[in-house]
Every structure is written in structure tokens, then in C-alpha cells.
1. Given a 1.4 angstrom probe, what's the average accessible area per residue across segment 153-278, in square angstrom?
2. For the chain, set up a Gaussian network in which alpha carbons nearer than 10 Å are linked by springs, and say which option among Phe214, Phe273, Phe135 fluctuates the most.
3. Using DSSP loop states and a limit of at most 13 other Cβ atoms within 10 Å to flag GluC sites (Glu not before Pro), what is the longest stretch of the chain containing no flagged site?
4. When you have a sec, figure out the Kirkwood radius of the chain from all distinct Cα pair distances and drop it here in Å to one decimal?
5. Would you calculate a helix-derived [θ] at 222 nm for the chain, using -39,500 (n - 2.57) for each DSSP H run of n ≥ 4 and dividing by the full residue count, to the nearest 500?
6. Quick one: order His194, His282, His209 from most to least accessible surface, probe 1.4 Å.
7. Could you list the square roots of 5 times each eigenvalue of the Cα gyration tensor of segment 159-270, that is, the equivalent ellipsoid semi-axes, sorted largest first and rounded to whole Å?
8. Report the accessible area of Met79, computed with a 1.4 Å probe over the heavy atoms of all protein chains in place, in Å² rounded to the nearest 10.
Amino acid sequence: MGFECTNSVFEETWWLDTVAPGQWKEVILEKDGKPNARWAFCSQKGRIFMPALTQTCSPWFLLDPMQNERENNECIKQMFNLLLEKAKPYKSISIMLDPSVLYFLPFYWNGFQIKPMVTYQISELDDLDKVFGNFSKNIRRDIKAAEKKLSISYEFSEEVLYSIMEKTFAEQKRTYPIDKKLLGNIIKNSRENHGGQMISASDADGNIHAAAFFLYDKRRCYYLIGGKDAAYKNSNGLTLVIWEGIKFASTVSKIFDFEGSMIEGIENYFRRFGGKATVYYHVTKQNIFLDFADIIKPRIKRMIGYKI
């Protein structure tokens with residue numbers, strides 16, 4: 001699947017061409033004629049930014065398995081500094097590091113702000129009985145109840161997915177922020193590159209209760225987006241869809257990733273699926289006015305009950 005020098009599907013050329021066409025570039029370092037570091041990033045008007053529906057996009061490093069952690073970190077530091085030299089022309093930088101990138105100190109030493117983020121991951125996909133057993137009692141009960149009433153479909157449908165997401169956001173009196181054309185391109189290009197799967201749940205009358213889209217590579221399968229129709233909010237359709245997504249992930253990836261959320265209610269829901277809390281980092285470097293805006297925005301969101 002695309003360029004091998006990647007931490008995840010979010011750094012694949014086809015994904016970046018989909019979510020940020022004409023807005024991304026890559027810097028590659030080589031050793032002995034082979035790539036040993038790569039940084040793909042999106043930029044526009046003097047800033048480096050994270051594109052829509054992209055959880056992480058960060059430098060990738062090829063490390064020597066014969067070296068110890070101290071030696072590898074020294075190599076990472078040197079490569080980080082070389083990569084960050086290429087970012088000097090940009091006045092504002094905001095990127096999410098892949099969970100595999102744990103050594104973030106070179107960013108800190110170069111004046112970046114570091115913010116920890118949390119996602120939940122399930123890594124025992126070779127034993128689905130154990131995975132199901134690790135779910136909370138309520139999640140297991142809801143899945144069993146939903147299985148009696150709903151049918152699962154693996155059919156791709158841009159219209160169905162977009163409609164469900166519109167209904168999900170409408171319940172919060174908000175407009176779904178993702179352009180329908182972009183969503184369609186994600187579905188199309190993910191299918192063509194064997195990197196995506198849509199799953200939906202419907203009743204006997206054909207009513208769609210919930211739907212989700214899962215993005216994957218051989219390492220991780222991500223719960224990219226998902227939602228439910230408020231008219232059937234008590235059917236547990238989305239919980240069933242996520243369980244089906246986890247089962248699907250076991251056939252294509254090693255890890256299922258919920259893509260995280262720092263919102264208490266959503267984090268509580270994801271945590272009930274028994275995954276392991278996994279930290280990754282948001283690193284930023286910008287002017288004082290943008291720093292101030294980033295401090296104020298979360299407070300305003302909490303005041304108005306903003307949800308994702």
C-alpha cells in the first residue's frame with residue numbers, strides 16, 4: 001500500500017492526495033542510498049496543518065534494531081533537527097505525532113508546545129472471544145440486544161454515510177463539517193487502495209440505524225467516522241457496528257484504534273470496549289495570538305456544551 005516509509009495509513013500518498021490534494025509535500029533523508037527518515041506534511045499560506053479526518057501525520061524513522069534505546073534516540077534527535085530545518089519558513093505548525101513516535105523532546109527543544117492526547121487501542125485481535133469478554137457488561141448486553149433486531153451490511157454508500165453523519169450532528173444542532181465530495185473521495189480511494197470499509201446496521205424495514213467507516217492498513221484499523229439516527233438511538237446500532245468493525249479489523253490489521261477523543265462522554269464510551277489507553281502528542285508552534293485562541297476556544301466549547 002503506497003510508500004513503505006510510513007507510520008500509518010494517514011501518511012500514505014493516496015490518503016494525502018485524497019484529503020489534501022496539492023497541499024502536501026514530503027522531506028526524505030537517506031543513509032547509504034536508502035530512506036531512513038520521512039516527513040510528509042500539509043501546508044498552506046505559510047502554515048503546516050493537519051488535514052480533515054487525519055488522526056496523525058508525523059515524521060517516520062528507520063531505526064537500527066541492533067542499537068539500544070539511547071543510541072536510537074540520539075539518531076532520532078539528529079534526524080528530527082534535519083527535518084525541522086525544512087519547516088523554518090512556516091510561521092505556524094500544528095501536527096499530531098503517531099503513537100509510535102515517543103521521543104518528542106527535539107520538538108520541545110525547538111520551541112514547540114507539547115500536548116498529550118489519548119486514544120484507545122485493542123491489540124488482541126487474534127482472540128475475539130477475549131476481546132468481547134473485555135467489554136463492559138453494558139456493552140456486551142447492548143450488542144446482544146442489537147444483534148436480535150438489526151442486520152449488518154458491508155455495502156459502501158456515500159449517501160447513507162453522509163446522511164447518518166448529518167443526523168448525528170443535527171441532534172447537537174450542528175452542521176456536519178466534512179464536505180460531501182471529500183467523504184465520497186475517501187470512500188472511493190479507500191476502496192481502490194484496499195484501505196477502507198463501511199459498515200451499517202438496519203432493521204427489518206430497511207431503516208438505517210447507524211453507520212461507520214473504518215480506515216486501515218496492515219498495522220492498525222481506525223474507527224474513522226460513525227454515527228446514528230437519533231430516531232433509533234435506543235437500538236444500540238452504533239455499538240453493534242463498532243463491534244462488527246473490530247471483527248473486521250481482525251481480518252486486516254493487528255490493532256483496532258478508536259481514534260481517541262478528549263471529550264469525557266465519548267472517552268467513557270470508548271473505554272467501555274476494553275482497549276488500552278494509548279498516548280500520542282499534539283505539537284504546535286505559532287504566534288501568541290493563535291496560542292491565546294487555542295486557550296480560549298476549549299473554554300467556550302465547554303460553556304456551550306460542544307461535542308464531537
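1. 45
2. With Cα springs under 10 Å in the chain, the top fluctuation among Phe214, Phe273, Phe135 is at Phe135.
3. Numbers: sites that count: Glu4, Glu155.
So the longest stretch without any such site is 156-308.
4. On the way: mean 1/r = 0.0482 Å⁻¹.
When all Cα pairs of the chain are included, the Kirkwood radius is 20.7 Å.
5. Values: 10 runs with 114 residues, N = 308.
When only DSSP H runs of four or more count, the value is -11500 deg cm²/dmol.
6. Numbers: His194 130, His282 40, His209 15 Å².
Order by accessible area, largest first: His194, His282, His209.
7. On the way: eigenvalues 90, 55, 45 Å².
One finds semi-axes of 21, 17, 15 Å for segment 159-270.
8. Surface open to solvent at Met79 totals about 20 Å².
The values are calculated or read from the model by the stated rules, or taken from the named source; none is laboratory data. Model, not experiment: these values are computed from the prediction. Ideal geometry is used to build each Cβ from the backbone, glycine not excepted, and the neighbour counts take in all protein chains shown. Calculation scope for accessible area: heavy atoms of the full protein, side chains included, ligands and nucleic acids excluded. Shrake-Rupley method; radii C 1.70, N 1.55, O 1.52, S 1.80 Å.
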